[in-house]
Amino acid sequence: QVQLVESGGGLVQPGGSLRLSCAASGSIFMFYAMGWYRQAPGKQRELVATISSGGNTNYADSVKGRFTISRDNAKNTVYLQMNSLKPEDTAVYYCNAKYVSVEYWGQGTQVTVSS
């Protein structure tokens with residue numbers, strides 16, 4: 001069993017930055033593929049970014065060049081650095097961990113981009 005706890009969400013003005021963190025329990029974090037997803041009101045949950053156990057990254061087209069996903073295996077933590085935020089980035093952001101056929105989700109953290 002893996003528990004994921006997100007933090008770092010909040011209210012930010014357009015053009016601003018936030019860094020989300022996701023702390024994972026368990027001793028095999030380094031083997032998990034990690035990801036960030038988001039869900040805006042009235043919309044389906046969508047992929048934002050993923051990072052493999054080997055450090056390979058993948059991004060949604062809508063965030064390429066603005067968001068960066070990274071991981072620190074020593075701290076069992078995955079990060080999402082979000083720059084140049086736009087109102088359309090407003091959503092609940094969820095952390096995800098995958099290993100073979102097993103998948104875990106965090107509780108989500110709200111990100112609101114508004115002036």
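The stretch between A74 and S114 holds 10.9 nm of extra length on full extension. This uses 0.36 nm per residue minus the Cα-Cα distance.
On a per residue basis, the chain carries 53 Å² of accessible surface, using protein heavy atoms and a 1.4 Å probe. Pull up the DSSP beta bridges for the chain and report the antiparallel fraction as a percent, rounded to 5. DSSP beta bridges in the chain are roughly 95 percent antiparallel. Can you give me the solvent accessible area of V92 with a 1.4 Å probe, rounded to the nearest 10 Å²? For V92, solvent-accessible area is about 40 Å².
Here region 1-107 has 49 percent of its accessible surface on carbon and sulfur atoms, given a 1.4 Å probe and all protein chains in place. Taking the three principal axes of the alpha carbon atoms in the chain, the coordinate ranges are 41, 26, 22 Å, sorted in descending order.
The values are calculated or read from the model by the stated rules, or taken from the named source; none is laboratory data. Just so it is clear, the model here is predicted, and its values are computed rather than measured. We work out accessible area using only protein heavy atoms, side chains counted, and drop any ligands, DNA or RNA first. Shrake-Rupley method; radii C 1.70, N 1.55, O 1.52, S 1.80 Å.
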